[in-house]
Each structure stands twice: as structure tokens, then as C-alpha cells.
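The values are calculated or read from the model by the stated rules, or taken from the named source; none is laboratory data. All of these numbers come straight from a predicted model, not from anything done at the bench. No Cβ is skipped: glycine too gets one built from the backbone with ideal geometry, and neighbour counts run over all protein chains shown.
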Amino acid sequence: MIEMKDVWKTYPNGVMALNGIDTYIEKGEFVYVVGPSGAGKSTFIKCMYREEKPTKGSILIQGTDLAKLRERNIPKVRRKIGVVFQDFKLLPKLTVFENVAFALEVIEESPRTIRKRVNEVLDLVKLRDKAKSFPDELSGGEQQRVSIARSIVNRPPVVIADEPTGNLDPETAWGIMDILQEINDRGATVVMATHNKDIVNTRKKRVIAIEGGRIVRDEQKGEYGYEV
Ligand code: ADP
Ligand code: ADP
């Protein structure tokens, strides 16, 4: 599903953020990416959805090599990957419905399909009743649920989340985890960078730990492994 082979990333300022990453993530896996601040977690994740291009190495998503991708083909591959951010990144002038519908409008789905699919995902995140609200009328947890709905409305096989619970209180964070679990149960591969020790140690999954741009640990049903 996702394969990284000898991936290196040096930023233009000379910072070496990834130093030879090799990993394979199978279809349907749920993976936590952990490590200290500055370890390279975000860079790892950004390379996975081609927000950053590796300096060297290859990243295969369902057989397509992201590193070799031409600019004009990036959108097509991005559609296979739902992305969830710590700070939600919703469009403030669009309603909840419109934020979620956006990705489907871009690919010119019919209005009927759009309505059906958006309502389906809003049901999944339990926000159907907020469809007409604007992001600033919602709590942080609700905004994150909208952003998750947006990330899966295209039915991507892979969902990538960069500290999705980072801005949320613990109780709200658990609600977000339930939704990500549901998406995983429906077959999506989920990769999630997190600093949430409680979640990692309670909902046991594969844990990939990154330090200094290298994978230093990769365990099934692993532990968070750092003090907070
Ligand atoms: P983490 O997500 O684990 O905190 P990052 O991937 O954000 O780590 O950062 C890894 C290293 O790369 C850090 O030293 C960081 O300062 C650096 N870095 C991240 N993004 C950029 C960028 N756009 N330009 C230059 N350096 C960056
Ligand atoms: P399909 O939904 O096309 O019949 P699957 O059920 O096998 O195919 O799901 C394929 C992908 O679609 C999954 O990885 C998942 O991300 C997404 N998906 C499936 N059902 C839903 C749904 N109701 N809401 C959001 N995403 C879904």
C-alpha cells in the first residue's frame, strides 16, 4: 500500500529532516508515528502525500512512485490520500456542507452524488445537523470532525493525520480516535503522527518511532515510549 525506500529529505536551508527511511505499510493497517519534536514526523507525513518531495529515494502509494510524479499528476494521486491536520484548515467562508463537498466539486461529481456522499460522511462524524453552520460556529472537536469528513469524502484508501488531536482536550480527542478507528474498520489505511501518549498506550497499534530523521523503533502493538 505505502512503501518508502531509502527516503532522504534535506530542506533548502540544509536541515536534514529524513536520513534514509525504509518502511512498508500494508493495506488496512493503523500506524502511529511518534518521536520528539523536530524528529522528522511531519516531514515523513508530508512526503507521503507529496506536500514535500524527497531529496532521494522512492515512495510508492499503491504502486505509484510519488517521487517521480509529474506536477500535473499530483492531484490525481492526492485523491487517494485523505489528509487531516492539527489545525483543521477548513475554509472559513464555506459552510460545513460546502467544506466537505469541495473535493467532490473539484472532480465534477454530480450534485446528486455530492449530496449523498457529503450527507453520508457527515452522518459518520455525527454532524449532519451542523451542515449549514460555518467553521467558526463550531467547537474544535467539531471542526476536526468536519475536516475528517472532508478527508474521506472521496473514499481514499489512505488517510494521513498529522497530530489530529493536538489542539483538542482529552475527551474530544477520544471522540476523534473513535472516528479514525471507524474509518480504519471500513478498510482505510490510517497513518497518524501523534504526541498523545495516552491514546498510543491505550489503543494499541503499530508504532513507528522517528528520531533524527531515522526510524529507531517499529513495533506491532507498541508503546508511545517517551515521557511527556
Ligand atoms: P516533527 O514533525 O517531528 O516535529 P519536522 O518534520 O517538522 O519534525 O522537522 C524535522 C526537521 O526539519 C526540524 O529540524 C525542522 O526544523 C526542519 N524543518 C521542518 N520543515 C522545514 C522547512 N520547511 N524548512 C526547513 N526546515 C524544516
Ligand atoms: P466502496 O465504499 O467504494 O464500496 P470500500 O467500502 O471497500 O469501497 O471502501 C473503500 C474506501 O472508501 C475505504 O478505504 C474508506 O476510506 C472509504 N469509505 C468506505 N465507506 C465510506 C463511508 N461511508 N464514508 C466514508 N468513507 C468511506
Hits in the range 126-139 - residues which are loosely packed, with under 15 Cβ neighbours inside 10 Å and either touching a residue at least 12 places away in the same chain (Cβ under 8 Å) or in a loop (DSSP other than H, G, I, E, B) (or both): Lys126, Lys132, Asp136, Ser139
Any hit, the range 49-56, residues being touching a strand residue (DSSP E or B) at 6+ places or on another chain (Cβ under 6 Å), surrounded by 14 or more Cβ atoms within 10 Å (Cβ to Cβ) and of a type outside the set (S, T, N, Q): yes
Residues within the range 110-125 that are part of a loop (DSSP other than H, G, I, E, B) and either surrounded by fewer than 18 Cβ atoms within 10 Å (Cβ to Cβ) or small (Gly, Ala, Ser) (or both), tallied: 1
Test: residue in the range 184-193 that is closer than 23 Å to Glu223 by Cβ, surrounded by fewer than 19 Cβ atoms within 10 Å (Cβ to Cβ) and away from ligand 2 (no atom under 16 Å from the Cβ): no
Tally, over the range 166-208, of residues that are within 16 Å of ligand 1 (Cβ to nearest atom), out of contact with any Gly (no Cβ under 9 Å at 6 or more places or on another chain) and not small (Gly, Ala, Ser): 2
The range 30-89, residues that are in a helix (DSSP H, G or I), without any contact (Cβ under 8 Å) to a residue 24 or more places away in the chain and touching a helix residue (DSSP H, G or I) at 6+ places or on another chain (Cβ under 7 Å): Leu66
Candidates Thr95, Thr64, Thr55 - the one that is polar (S, T, N, Q) and within 16 Å of ligand 1 (Cβ to nearest atom): Thr55
Filter result for Arg186 (farther than 29 Å from Tyr24 by Cα and at pLDDT 95 or above): no
Flag if Gly40 is small (Gly, Ala, Ser) and away from ligand 1 (no atom under 15 Å from the Cβ): no
Leading residue by the ranking (modelled with the lowest pLDDT) among those in the range 143-169 that are more than 25 Å from Thr113 (Cβ to Cβ) and among the charged types (D, E, K, R): Asp169
Residues that are of a type in the set (Asp, Glu) and in contact (Cβ under 8 Å) with a residue 12 or more places away in the chain, drawn from the range 176-226: Glu182, Asp198, Glu211, Asp218, Glu219, Glu223
